[in-house]
Amino acid sequence: MTRMIARGAGAAVLAGLMTLAPTVASAATSAQETRAFLGTTVEKTSASAKRTALQQAYDHAAVYGYTPDQCVTIHLYSVKISFVMYRGEAGIHCTKP
């Protein structure tokens, strides 16, 4: 039973990726500028570490002329590094014509 569910989920993921393939191919042929930006910070709470890291990544993107609507969040997480401190990291991917 679980094997059937796993196969069905795998097929659904593959079908989703196949629908994206033409979009990715057409985006690769157009002349667009794409960059990735990273933000890191150390804060007292997990939420503030994530929020500050994401804001830092967007600030870096703004220096290069990207607006927030041209960016997509790739990863956003925090890790507890001591009893009361969290390290936050955010990665964004920005594209502009």
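Full extension of the chain between Asp69 and Thr95 gives 8.4 nm of extra length, using 0.36 nm per residue less the Cα-Cα distance. You can think of it this way: the chain between Asp59 and Glu33 has 7.6 nm of extra reach, that is 0.36 nm per residue less the Cα-Cα gap.
Here, each number is a calculation from the coordinates, and none is a lab measurement. Keep in mind that what you see is a predicted model, and the values were worked out from it rather than measured.
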